[in-house]
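**Student:** Below you will find the structure I want to go over with you.
Values quoted throughout were computed directly from the atomic coordinates according to the rules given, and no laboratory measurement underlies them. Owing to the predicted nature of the structure, the values given are computational and were not obtained by experimental measurement. All Cβ positions, even for glycine, are placed from backbone atoms using ideal geometry, and neighbour counts span all protein chains on display.
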């Protein structure tokens, strides 16, 4: 066996073990008995320990030093690129620092939950300050003298810098706040009223999953507190939730997770259990979930079909026609919470987090000043004040567990989805007619062929650029949002 | 940290990883998407590889050589006993042989399934001959010049020899065949007729699980093709099955698996994720499942309560009174299949397998002669001929996957259950009254305190001897069966 083959055999086992760790996560959120939690903690720690040791195993370094990339084909070179990046990542951070981050973030998550319940940021601030300090130290170790925040971003979105994001999102912000303000002045659509049987919701949601191309023979749809997608290759499971008075939560959570899940299912099976065999970045992943959910799922064409499905499932539910239904689905409402935000406002929530976390990492903002910085920025962008910390700076778990550099991938996914949608409309002239029939195959087939099948073969931005035929930027997303909401709100 | 503490920390991680492998098995049989099977194969191989490497890790040998058992307490010495046995087991078998057995048995299982479907033993014989040859080679490596079959038994029932089993079961066989022949001559009870709603079966089966002390906060009951129990400590899951015309299959499968599951749940939590933290042997495990299912669950007292529950769940189902119900539950019917056999005949199925597999391992019986040897023995013990191989020598998966020495633990469990039941009746004079109220707590509490809580602290036979106050033998089981079936069949 060549050194490359030996490395790949080792890597294949590592990927299989990583899939197992993912499956345990799924189990914990769906079927695990409540009383099993303490034991599960030890089980997760044990498998994470095995994975960590394998990722920084000295023989990986030796194989990497032995292999001559010039004698490999493109696919093998791409595999090496991922393996080398992961190995460098794992070996650059001192073991003592990694252990300390694991311990502190595990405790900080509990502190955050308590502070949020008590609506008391001051109680959480010292813990968060410790997390920030440790993550900065880690970022410095990773950055090797370069930009600390960029080094963090590379964990989620390799090849993208804070400056890139600043350029994209800096252009978005004034346009979105202006559009939002105009929408707020206009006449609002009605609100959905009524009670919708939850088992009928689950039945329709499974139909929606199939409609968007999710392969049930290699997946399943269960209920969980938070919707998520888990696993790669032949075993990709999604979850959704139901709420009797809010069926859209169920349906659009499902369509969103199907975007993630179908991406994982549709990667070329030649890459199964290799570094190329999973979505290439958080941003590209989010581009798939967002285009499924928003550009396709919330389109006038698709909602006209969904309206008919809901009439079949629930009878007359008090919405007179498909156009009213479309306006209800896309209603813009005031709100504090990112995860509940609509398509128009969502990015404003993310953009403020990016600016705040970059400032924290640069040392330009102290944790003690974070709450007031949050509140000022929120009021500036949304036009009304935060009423309490649990609706403000304490709403997200991310920072408590050390996820810095993660938030912007949500909006990057939206930007990418905007670019893909522009290219898709060009490539599939029948798109609206297809969606109006409940047929997503022309759209999902195009995404499969142009994005999903490649897995990790190309760098994230290249993946999108190849699909769209040009370097991605924020213009298509902005154009799409302006056109959609100007039409909806008759601006 | 002392060498012992270091060893135990390492061991704790190994046990946690073993729990994960068990959870994957549960997942595969209950919730895994069908199309995930090939990927799951690689995942299982990866975690088994990790476990195998840890079990024979050189540092375990070094720790074992360093630790002075005389300076340890009884619990720690018992931990060491298990760890040393597993380490010796793992290191005695040459790696090439272990790999060959893994490969051949994995293929043999497929060949067995095909041969069974085609009712063609000749097609399977060459494959089985290879398995037998490899397992004998492994047995010789393990036996170190001792008895090969005893070495195999030690994997499932440490401290028990083939000669011990021969003594117990040799005494049972003529008595059981005679009892069976007498029952066959007597008037048979009626057969249960009707159709029983399967979701009502699952509802009642979950109630039965709770009635027998299964803790749902640390477990769950699902449907699967084959009933089983999986996991130890805080996460012990069982499965059952339903059949519209055979509700007893559901209920008694559940009670049987609750015996296994409650054993695992009730082990002293101080042993969690250590070698002492699981059932001590297959035989002791089976003693718990069998006493729950048979001596308790199929008793006149308990069935009188179950009869009332079934009337509540299904209305009048055509059985006039509790005594008739008791006779139906314990009906003895002719049959070829071990897993479908009643309490009286079950051990005869096992005893013939023990004699045949010992002869195979000794070389006294060739695989080519196995089918005729099976058929002769079956007719001698059961009084009618085998009609086809799938009802005979091809009915069980065990030999195809290399499980030699496993079958006798089923009957050993019955023998142990007989001893425990004798002691339990002495210790709990109110037993029948309690069971007639659907209250199993006096019985299950006694088993918990006298057997289950100890986990692996004592050797298997000692575990039973301590609970019963004497060395276990077959006499109590035989006495119990004779009394029960003589009464039922008015012999």
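**Student:** When you look at the Cβ of every residue in B:211-218, what mean number of other chain Cβ atoms sits within 10 Å?
**Tutor:** 2
**Student:** In addition: Could you work out the pair-distance distribution P(r) of segment A:157-491 from its alpha-carbon pairs, with 20 angstrom bin width and percents rounded to whole numbers?
**Tutor:** It works out to 31, 61, 8, in whole percents.
**Student:** Could I ask something else about it? For segment A:331-489, what relative contact order do you get, as a whole percent, if you take Cα pairs closer than 8 Å and at least 6 residues apart?
**Tutor:** Reported as a whole number, the value is 21 percent.
**Student:** Please give, to one decimal in nm, the separation of the simple spin-label points placed at residue B:175 and residue A:324, each 7 Å out from Cα toward the Cβ.
**Tutor:** About 8.2 nm separates the two model spin labels.
**Student:** Take the Cα pairs of segment B:410-459, get the Kirkwood Rh, then feed it into Stokes-Einstein at 20 °C and 1.002 mPa s and tell me D in µm²/s.
**Tutor:** Estimated via Stokes-Einstein, D reaches 182 µm²/s.
**Student:** Given R₀ = 41 Å, FRET efficiency for residue A:243-residue A:182 by Cβ-Cβ distance, to 0.05?
**Tutor:** So the FRET efficiency works out to roughly 0.85.
**Student:** Give me the distance in nm between label points sitting 7 Å out from Cα along the Cα-to-Cβ direction at residue A:100 and residue A:486, one decimal.
**Tutor:** 5.4
**Student:** Using only the Cα atoms of segment A:72-156, build the gyration tensor, take square roots of its eigenvalues as a ≥ b ≥ c, and label the shape rounded, prolate or oblate: rounded if a/c is under 1.5, else prolate if a/b is larger than b/c, else oblate.
**Tutor:** Verdict is prolate for segment A:72-156.
**Student:** Let me ask something else about it. Nearest 0.05, what FRET efficiency do residue B:144 and residue A:37 give at R0 = 56 Å with Cβ-Cβ as r?
**Tutor:** 0.80
**Student:** Any idea how far the Cα center of segment B:225-296 sits from the one of segment B:415-491, in Å?
**Tutor:** Measuring centre to centre over Cα atoms gives 16 Å.
**Student:** Sorting B:42, A:422, B:62, B:15 on the 10 Å Cβ count, fewest up front, what's the list?
**Tutor:** By the 10 Å Cβ count, ascending, the order reads B:62, B:42, A:422, B:15.
**Student:** Follow-up. Roughly how many whole Å is it from the C-alpha centroid of segment A:94-117 to that of segment B:164-210?
**Tutor:** 56
**Student:** If you put a point 7 Å past Cα along the Cβ direction, how far is that point for residue B:137 from the same point in each other copy, in nm, smallest first?
**Tutor:** Label-point distances to the other copies, shortest first: 5.4 nm.
**Student:** Moving on. What translational D, rounded to a whole number of µm²/s, comes out for segment B:317-360 from Stokes-Einstein when the hydrodynamic radius is the Kirkwood one over Cα pairs, at 25 °C and 0.890 mPa s?
**Tutor:** 198
**Student:** Continuing with this model, one more query. Could you tell me the relative contact order of chain B? Use alpha-carbon pairs under 8 Å, at least six residues apart, and round to a whole percent.
**Tutor:** Once divided by the residue count of chain B, the mean separation gives 20 percent.
**Student:** Let me ask something additional. Quick one: Cα centre-to-centre distance for segment B:21-69 and segment A:32-80, in angstrom?
**Tutor:** 16
**Student:** Shortest first and in nm with one decimal, please list how far the residue A:53 label point sits from its counterparts in the other copies (point 7 Å along Cα→Cβ).
**Tutor:** For residue A:53, the inter-copy label distances come out at 0.8 nm.
**Student:** Set the Förster distance to 41 Å, then compute FRET efficiency between residue B:52 and residue A:387 from the Cβ-Cβ distance, nearest 0.05.
**Tutor:** 0.10
**Student:** Where Rh is the Kirkwood radius over the Cα pairs of segment B:138-289, the temperature 10 °C and the viscosity 1.306 mPa s, what D in µm²/s does Stokes-Einstein return?
**Tutor:** My calculation gives 87 µm²/s for D.
**Student:** Taking a cut-off of 13 Å, what percent of all Cα-Cα pairs in segment A:121-188 are separated by more than that?
**Tutor:** The calculated P(r) of segment A:121-188 puts 74 percent of pairs beyond 13 Å.
**Student:** Dividing the alpha-carbon radius of gyration of segment A:354-413 by 2.2 N^0.38 Å (N being the number of residues), what value is obtained?
**Tutor:** 1.12
**Student:** From the P(r) of segment A:206-247, can you give the percent of Cα pairs sitting at distances over 11 Å?
**Tutor:** Cα-Cα pairs in segment A:206-247 separated by more than 11 Å: 66 percent.
**Student:** Would you compute, from DSSP H runs of 4+ residues alone, the mean residue ellipticity of chain B at 222 nm, taking -39500 (n - 2.57) per run and dividing by the full residue count, rounded to the nearest 500?
**Tutor:** Theoretical 222 nm ellipticity from helices: -20500 deg cm²/dmol.
**Student:** In a solvent-free Debye calculation with one equal scatterer on each Cα, what is log10 I(q)/I(0) for the protein assembly as shown at q = 0.05 Å⁻¹, listed in the order of the q values?
**Tutor:** Debye curve over Cα of the protein assembly as shown, log10 I(q)/I(0) at q = 0.05 Å⁻¹: -0.38.
**Student:** Just want to confirm a number: the relative contact order over segment A:3-153, from Cα pairs under 8 angstrom separated by 6+ residues, in percent.
**Tutor:** The normalised contact order for segment A:3-153 reaches 19 percent.
**Student:** Semi-axes of the equivalent ellipsoid for segment A:202-284, please: Cα gyration tensor eigenvalues, times 5, square-rooted, ordered largest first, whole Å.
**Tutor:** Rounded to whole Å, the semi-axes are 24, 12, 10.
**Student:** Also, quick follow-up: List the pair-distance distribution P(r) of segment B:309-468, using every Cα-Cα distance, as the percent of pairs falling in each 10 Å bin from 0 up to the bin containing the longest distance, rounded to whole percents.
**Tutor:** Values per bin, smallest distances first: 8, 27, 27, 25, 12, 1.
**Student:** Using the basic label-point model (7 angstrom from Cα toward the beta carbon), what is the residue A:331 to residue A:21 distance in nanometres?
**Tutor:** Between residue A:331 and residue A:21, the label points sit 4.3 nm apart.
**Student:** Neighbour counts of other C-beta atoms within 10 Å: give me B:40, B:338 arranged from fewest to most.
**Tutor:** So the ranking, lowest neighbour count to highest, is B:338, B:40.
**Student:** With no solvent and one point on each alpha carbon, what is the Debye value of log10 I(q)/I(0) for segment A:3-153 at q = 0.20 Å⁻¹?
**Tutor:** Treating every Cα as an identical point scatterer, log10 I(q)/I(0) equals -1.31.
**Student:** Moving to a separate point now. Which percent, to the nearest 5, of DSSP beta bridges fully inside the protein assembly as shown are antiparallel?
**Tutor:** 40
**Student:** So, one more: Which of B:332, B:131, B:75 has the fewest other C-beta atoms within 10 Å, and how do the rest follow up to the most?
**Tutor:** In increasing order of surrounding Cβ atoms, one gets B:75, B:332, B:131.
**Student:** Then there's this: Can you work out the base-10 log of I(q)/I(0) for segment A:84-129 at q = 0.14, 0.18 1/Å, using the Debye formula on its C-alpha atoms alone?
**Tutor:** Each listed q maps to, in turn, -0.47, -0.62.
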